[in-house]
Amino acid sequence: MEILDLTGLRCPMPLLKLKQRLHTLATNQCIEVLTTDSGALRDFPLFLHQAGHQLEQVITNDDGVSRFTIRKA
């Protein structure tokens, strides 16, 4: 699975980078996205739902890094 490391980027860059990367993925392909932007916890699920993609898992570590597992629709 590909990992897209967006740690250190601030809103709105993580969401913009995710959107760009999703356009290049094949249908049903999974990607793991790492981010330290707290806004992504709200923005990513909303965007993915609206776009029809599947958010399979979200884990936030003690160090503030959130790990999103996403399947492209």
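Each reported figure results from applying straightforward, stated rules to the coordinates on display, with no laboratory input. In this text, all values refer to a predicted model and were calculated from it rather than measured experimentally. A quick note on method: Cβ atoms are made from the backbone with ideal geometry, for glycine too, and the neighbour counts reach across all protein chains shown.
Computed values, structure above
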quantity: Some residue of segment 53-67 being surrounded by fewer than 16 Cβ atoms within 10 Å (Cβ to Cβ), among the basic types (Lys, Arg) and either at positive phi or in a strand (DSSP E or B) (or both); calculated: yes
quantity: Output for segment 26-46, where each listed residue is closer than 14 Å to Thr69 by Cα and surrounded by 13 or more Cβ atoms within 10 Å (Cβ to Cβ); calculated: Gln29, Cys30, Ile31, Glu32, Val33, Leu34, Thr35, Ala40, Leu41, Phe44, Pro45
quantity: Residue pairs meeting the criteria (Cβ under 7 Å; at least 6 apart or on separate chains; first under 14 Å from Leu18 (Cα atoms), in segment 38-55; second charged (D, E, K, R) and in a strand (DSSP E or B)); calculated: His53/Arg71; Gln54/Arg71
quantity: Selection from segment 7-50 of residues that are outside any loop (DSSP other than H, G, I, E, B), of a type in the set (A, V, I, L, M, F, W, C) and touching a strand residue (DSSP E or B) at 6+ places or on another chain (Cβ under 7 Å); calculated: Leu18, Cys30, Ile31, Val33, Leu34, Ala40, Leu41, Phe44, Leu48
